[in-house]
Amino acid sequence: MKLEPAIQPRPATRITSLLSGSRRKRGRQGLWLVPLLIAILIGIALALQTEQFLSRENLFNLVAQAMPLVITAIGQMFVVIVGGLDLSVGSTISFTTAILALDAPGYVLIPAVFVLAALIGLTNGLVITRFNVHPIIATLAMQYVILGFARMLRPVSGGTVPELVISSVAGSFLGIPMPVIWGVVVILIAWKLLYGSRFGLHLFAIGGGVASGAEDAARNFGIADRRNTVIAYVACSLFAGLAGVFLAGRIVSGDPNVGLLFELDAITAVAIGGTQLSGGIGSLHGTVIGALVLALLSNGMNLTNISPFVQTAIKGAILMFVVGLQSRKKMGL
Amino acid sequence: MINLIEMSNISKSFGGSRAVDGVSLELLPGTVHALMGENGAGKSTLMKILAGVHQPDSGQIFKNGHRISFNSPKKALEFGISTVFQELSLLANLTIAENMFLGREPLTRFGAVDYAGMNAQTADALAQLGLTLDPEALVSELSIAERQFVEIAHGIKADASIFILDEPTAALNAADVDVLNKHIRRLRDEGKAIVYISHRMEEIFEICDTVTVLKDGRRVDTRPVSEMSPASLIAMMVGRTLDDLFPPRATETGSVVVDVKHFKIDARSKPFSLHVSSGEIVALAGLEGQGQQKFLRSLIGKFRPFSGTVTIKGELLEMPVSETSGIRRLHAAGVGFVPEDRKEEGLFLGLSIADNIAISLVSERGEMSIARRYRDVINTTMASMRIKAEDASAPVSSLSGGNQQKVLLGRYLAANIDVLLIEEPTRGVDIGAKSEIYRLLREFAENGGAVLVLSRETIELIGLCDRLYVIHDNTVVAEMPAGNASEHIILEAALSA
Amino acid sequence: MNAALNHPILRRALSIPPSYFVFAMLLFVLWVARPHMLNLNIMGIFIRQIVPLGILVLGQLLVMRVRSIDLSGGGVILLVNYFISSGLFPGASLTFFIAIGLATGTAIGLFNGYMVARRRVSAVIVTLAVSIVLLGFVQFLSSGKPPGDVPAMFGEIYNTRWGPLPTPVLFWFALTGLMMIFLSRTVFGRYVASVGESAEAAHFAGVPVERTVILAHTLAGFIAAIAALVQTASIAVGSVRVGLDLPILAVAATILGGVVFGRGEGGVLGPFFGALSFALLFVVMTVFGIDEPGKLIAQGLIILLAAIFYGLRSGNAN
């Protein structure tokens, strides 16, 4: 017999219990209303502070700036829901831009990018599920391996990416700016995966078991937990690859450092959006809102001329703060 | 009548000990079959085999005369066997409907999970049980009783014909028990077979048709309930004599060292008082999970009781005890706590015998002081406890269960400790090591130590201890000298309370 | 495969930290490829380059023994380097610089420990975030440009020798010896071993688990500050990029040395040889013309393979 410890590792503060998700019917989504309010507040503050903020140009820019983070964070959310974490997405993004800037036609490079991204995710997933390696260690190692490959292909930024990639993120289609179309398509794909398929439900089931310490709870229902976990990592890497394609189109070249620290922004965005790093609780819209909050902050800090170095420091502090708000029993990694 | 399920000659061992030994069981449609026995008699293991959680070492299972085998709860459910365990298996972050259909969700034409259909069917299944729960409610929001009903509904939905209810009423109040009994009768009237495990005598006689009694992993008998009385049932569950394992009891005891007054485990439980004197071994007896462990663990801060005062050697122990420093504070007061789970909570399996024994001495000192080797103490302890190992540097994981348990106990006997709080002193230990552990504990008491012990094995408590408190429903219901006690008396005291 | 892995001889071999094999292998490669490089004078110079790494490893192995991790070393090195090279404290003495450096590292380590042990925040997240905050902070203070020169006295000490070996190398060896004694002879060393083996059992045995983890992190911060002082002395100028890759290398060397999250089989010597292996690896890579990207890949693969190696082993034990 196991007793539930009467005393939690630390008393849940009001904020903690708020962030750990409402207890209402769809409480599995985590708390996303608070970040939404924060996003709106930041938006209002920025609109009052600076005139340019509400300009069509700046808003359009904002969406384009936020898009890589939105896409990466969505991918990250899939592995976080099963109780994992992927620190290799930043390198995957850099690697993707480096590939796209190779001297080869687009119809070769673009499929190659997704095949390679899927391979990265597959390796992560297999190492974690088959060889008992902690997700953080496996993906941290992978981060360095992929960064190495990216720098091998392209030591410094340069080259040009296929025209198709560039035109896919620039301009507009039927009057709608391309980045907005990207956003809608990506969110629809993620929506289908997470809420419109057995796969998504099974991810929540696996994560729910992991979070409660009963790792095989989902397996007892007949769910292929290892296979689904691997697929989650593949999805995460594919989304990172997609973000890389978008970024490559924006910067028109390959850059081995463009994804630096992106994994941490993605984790911050996921955590801000109310998704629990222990697994089982989270939502797509929360993640998108979380990414938008971070993008708004960046945009605001840029508009108010805050040094990019200070911005880095502030982002680190936010990461620590939002992850620190989530309570967990386990100590260590 | 043709049986629905037949378990034939089932055996299952864990490590060295036989949990179930050649048991056969027949379940007939339209009956409620009670499974009874003392703690550790093998009821739960037998049912976990039927539920697909464990696989039997030998023996067969037949359904409607056809041999079946399965290796997971999901496969068992496909054969129509549904289980409601004490520890619940529902996923708290999913809705009721999602839990009901997990692993076999209906899909819409577009490949999406058909939530509308799932919710409607779940609402139907819940309605059949007379429940008005929202199918979209998360399981984490449900009460324990509601979760159990959902598990039953899960079985109904899966068209199960056999329902295993493992102590379903342990966490329920009287009103919920009535509702549950109503559902059980309805299932029976529909021709299902129900296995019902419970310690509550009145429920057995109210709702069950047949009773099978297990003892030490073997089947004692299967009888119609109508032929039984509570007294004859208890007699069937006990029926064993004391072994010659135990050292003689204490002849005299010293002053009170542990004094507990007006202790309430939770807000609703009745307050109780108890005491332990130096030189005596005192037991917390009773059926499993009645609050013995909660009480003992509240002394080290692992459980937060409602109220009460605890005095140890005249010093008031502040309640609630801090979880982080509780053990260290007790340790400083000369009190050792020996946890039940030797492998998880007790020993450092990868470290040496010496390290495992010395840790209690080492942890009395500050971080930056020099760690002595305590060779003498370790050697003396190993010799006096007759720990069989090549030498003190052997890793504990290489020892047998009995020797591991002795190392764990040795840790406290080597330290400067005169009060021992012990959970399960001989779990998973062979008979020879058992008698040695009893001797060691008696020696400890004879040298002025005080021992408070809880165990699943009532017979061990009777033989080992001087005095017993019978605990039931989170309070002390009886106190008796061990010399006058028997399993029968204890069981009756617990069940009639 | 499982049966083969359980063979006694193989099991014995598996319990030897991989760093010994890797070190021997690299030594052999070097002996074949460039035999003339294998003398104490030349090797001393190469080893001197990884002394900051070697020192950082001493802290890393401490936190990894208690199942945590510290990736904040890069930030500590940057900050200490900034204090010394920016001219923020003009005319300060060597003692002052050492004192402020060590105090900084200790404070950061204490913060890490508090967040990990008391607040139960993921150690990776906390220490990475701390590193990023420090990076942004230092870059802001120095406007992204290298701050200035390091006072000459650092370089003077750094370049001294004792016989054939550079002083920093000897200093590292001495620290390693100190850590071995510290872990094997003090009560704290026993606490570390017990928490690493099982935090649950340690708690029930009366070990102050949280305090042990906090202290391990605090010491790791202190040791990171020592590494920062040596690193600063070695490059002799201020920098806003120095040492950022050291924490991950330290993790790699520690894992290679047989210390993996609680398992302390490599002791202190395993990770010590892990760090030495990296010194040789860099030499070998340079010899074969493999540049920075190749090194990144090698680091990553080493962590990955070592983690798989231990994962397989623990999977077998279950």
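Annotations for the structure displayed:
- Of all residues in region C:107-139, those satisfying the criterion of being among the small types (Gly, Ala, Ser) and either facing chain A (nearest Cβ under 7 Å) or open to solvent by less than 10 Å² (accessible area, probe 1.4 Å) (or both) are C:109, C:113, C:117, C:122, C:123, C:129, C:136.
- Test: residue in region B:22-42 that is open to solvent by less than 20 Å² (accessible area, probe 1.4 Å), in contact with a Pro (Cβ under 7 Å, 6 or more places away or on another chain) and closer than 22 Å to residue B:221 by Cβ: no
- Positions within region B:345-370 being within 26 Å of residue B:258 (Cβ to Cβ) and under 25 Å from the mean Cα position of the chain (by Cα), in sequence order: B:345, B:346, B:347
- For region C:264-280, the criterion of a residue being modelled with pLDDT under 85 and closer than 29 Å to residue C:79 by Cα is satisfied by no position.
Yes/no matrix, rows are residues, columns are (1) without any contact (Cβ under 8 Å) to a residue 60 or more places away in the chain; (2) open to solvent by 60 Å² or more (accessible area, probe 1.4 Å); (3) within 26 Å of the chain's Cα centre (by Cα):
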| site | (1), (2), (3) |
| --- | --- |
| B:147 | yes, no, yes |
| B:151 | no, no, yes |
| B:155 | no, no, yes |
| B:159 | no, yes, no |
| B:167 | no, no, yes |
| B:177 | yes, no, yes |
| B:184 | no, no, yes |
| B:187 | yes, no, no |
| B:192 | no, no, no |
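- One residue from A:290, A:316, A:324, A:332 being closer than 30 Å to residue C:66 by Cα, in a helix (DSSP H, G or I) and in contact with a Ser or Thr (Cβ under 8 Å, 6 or more places away or on another chain): A:316
- The set of residues from region A:212-237 being farther than 23 Å from residue A:69 by Cα and open to solvent by less than 50 Å² (accessible area, probe 1.4 Å) comprises A:214, A:217, A:218, A:221, A:222, A:223, A:224, A:225, A:228.
- Helices (runs of 4 or more DSSP H) wholly inside region C:167-256 containing at least 3 residues that are without any contact (Cβ under 8 Å) to a residue 40 or more places away in the chain: C:167-185, C:187-197, C:199-204
- Sole residue being touching a Ser or Thr at 6+ places or on another chain (Cβ under 9 Å) and within 11 Å of another protein chain (Cβ to nearest Cβ), chosen from B:112, B:116, B:160: B:112
- Of the numbered criteria (1) β-branched (Val, Ile, Thr); (2) facing another protein chain (nearest Cβ under 10 Å); (3) more than 24 Å from the chain's Cα centre (by Cα), the one residue B:300 fails is (3).
- Residue in region B:218-230 that is touching a Pro at 6+ places or on another chain (Cβ under 7 Å) and more than 23 Å from residue B:286 (Cβ to Cβ) present: no
- Residue in region A:300-310 that is crowded, with 22+ Cβ neighbours inside 10 Å and assigned to a helix (DSSP H, G or I) present: no
- Residue selected from region B:79-121 under the condition of a type in the set (Ser, Thr, Tyr) and in a strand (DSSP E or B), by the criterion most open to solvent (accessible area, probe 1.4 Å): B:83
- Considering region B:122-137, the residues that are of a type outside the set (A, V, I, L, M, F, W, C), at pLDDT below 90 and in a helix (DSSP H, G or I) include one that is farthest from residue B:184 (Cα to Cα), namely B:124.
- Among the candidates A:161, A:63, A:133, A:108, residue that is more than 20 Å from the chain's Cα centre (by Cα), open to solvent by 20 Å² or more (accessible area, probe 1.4 Å) and among the aliphatic types (A, V, I, L, M): A:108
- Residue among A:153, A:140 that alone is modelled with pLDDT of 90 or more, open to solvent by 20 Å² or more (accessible area, probe 1.4 Å) and closer than 30 Å to residue C:303 by Cα: A:153
- Per-region count, region B:325-345, residues within 13 Å of chain A (Cβ to nearest Cβ), buried (at least 18 other Cβ atoms within 10 Å of the Cβ) and out of contact with any strand residue (DSSP E or B) (no Cβ under 7 Å at 6 or more places or on another chain): 2
The values are calculated or read from the model by the stated rules, or taken from the named source; none is laboratory data. Fair warning: this is a prediction, and the values are worked out from it, not measured in the lab. Counting neighbours? That spans all protein chains shown, and the Cβs are built from the backbone with ideal geometry, glycine included. Surface areas here come from the heavy atoms of the whole protein model, side chains and all, with no ligands, DNA or RNA. Shrake-Rupley method; radii C 1.70, N 1.55, O 1.52, S 1.80 Å.
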